[in-house]
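Below: one structure, written as structure tokens.
The values are calculated or read from the model by the stated rules, or taken from the named source; none is laboratory data. Predicted, not measured: the structure shown is a model, and the values here were computed from it. Reconstructed Cβ throughout: ideal geometry from the backbone, glycine too, with neighbour counts over all protein chains shown. Heads up: the accessible areas ignore ligands, DNA and RNA and are worked out on the full protein's heavy atoms, side chains in. Shrake-Rupley method; radii C 1.70, N 1.55, O 1.52, S 1.80 Å.
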Amino acid sequence: MNRTIIKTVFALLGLLSGVLGDSLTVLRSPPYVTFQDGQWPISGEKVPDLVALTMGFSIREDLDWPGLAAGSLFQRPRANALIVVRGLDSLDFPKNISSYPLENPVPFTLDSVANTVHTLFAGSTPVVLQLAPSEERLYMMGMANTVFEDLPVTLQQIRGRLSQDGSVLTSLPLISLSRNNEADLLFLSEVQVLYDISALLQKHKHLAKDPAPDLYSLELAGLEEIVRRYGTDSPQFADATRILTSTLQKFADDVANVYANNAVVEVVTVKTFEAPLTRKSRSILQISNQGSLYNLAYKYDYDYAVVFNIVLWLMIVLALAVIVISYNLWNMDPGYDSIIYRMTNQKIRLD
């Protein structure tokens, strides 16, 4: 009954958040990672937790979201690729793909997931790639430094790549897009990055054989520049949306192919990111440390429930053991149950 009420509330919230239009779309997922059909909204700040759960990692707080079903305990995806597209609320993907409304679209990163991969698989060589070409932000870890060594990451490098043979300028129908406009070049540069990553993954298919899962995080802002310069009713926006949709589908197919359909590929479309609501306040830890002469630790932490259960059940087991042992000792017959008394009685009889 309670679960039905929760799902009903999520469905109503999904209808209300449909006005905003921002969405989370799952392009590819393995059979053992199940996304439920429905319009359940998910908060932008919870997307990193969702990515962590799809990869089989634990999170600090439970994600009370019905869109993701409980997965297998013995299988986890080999990779997860999250692409954030800024500048529009949704893309025209096929209808059979799971898509969910995104509410409270605040900026987020997958740093926590990357740290978990690094911590749990320190002895392996996972691929972690976080890239935002428009802002020239790049973070690579593990095998990514080798696989993507030749990947153009700065705008100058990407534009140099566009002038080479086999670039998207010659392979894609640009129609209304111009190679002489800065906004168009920024968008095409990000499309070129997606094509280059796909090509490098096809070249290094051995990545799927590594026991450590891989993580890819890309943020694309070129479409936002197209909207800012031409508007959403322009032919440039229509052509850019069409190119980006087909490119993302090809990228998802390539990732799924490299990892033998053991990868999750999500696309987050956000018209504009909202600044997170913050409130100036003093830290509780800071206040408690200043008020204590003994520099005492904070009373609770995230492992409190685990430690409490270990101590509680250990005490119960020890108490039961003491009771059982005491009962047996109290009802023991020294003449029959104790070898000491038995030997003593025999010695007395012999004497």
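Applying 0.36 nm per residue to the separation of ILE325 and GLN75 and subtracting their alpha-carbon distance, the gain on full extension is 85.6 nm.
Length gained on full extension, ASN115 to HIS204, computed as 0.36 nm times the residue gap minus the Cα-Cα distance: 29.7 nm. In this view, the solvent-accessible surface of THR272, computed with a 1.4 Å probe and all protein chains in place, comes to about 80 Å². Accessible surface comparison of MET143, MET55, probe 1.4 Å, protein chains only, largest first: the order is MET143, MET55. If each Cα of segment 42-165 is one equal point scatterer, what is log10 of I(q)/I(0) from the Debye formula at q = 0.12, 0.16, 0.21, 0.22 Å⁻¹? With no solvent term, the Cα-only Debye profile gives -0.59, -1.01, -1.39, -1.43.
Amide H to amide H, with H built 1.01 Å from N, LEU27 comes under 5 Å of VAL265, GLU266, VAL267, counting only residues 5 or more places away or on other chains. Accessible area ranking (1.4 Å probe, heavy atoms, ligands and nucleic acids excluded), largest first, for TYR139, TYR327, TYR32: TYR327, TYR139, TYR32.
In a reduced charge model with +1 at each Lys and Arg Cβ and -1 at each Asp and Glu Cβ, segment 143-262 shows a dipole moment near 180 debye about its Cα centre. Shown here: segment 176-282, whose C-alpha atoms stretch 52, 44, 19 Å along the first, second and third principal axes, sorted largest to smallest.
Give, to the nearest whole percent, the P(r) tail of segment 18-270 beyond 30 angstrom, counting all Cα pairs. The proportion of pairs with Cα distances above 30 Å equals 24 percent. In this structure segment 75-195 gives 45 Å² per residue of accessible area when probed at 1.4 Å with all protein chains present. Computed in the context of the full set of protein chains, the accessible area of segment 40-81 at 1.4 Å probe radius has 46% of its extent on carbon or sulfur. For PHE74, PHE251, the ranking by accessible surface with the largest value first comes to PHE74, PHE251, using a 1.4 Å probe.
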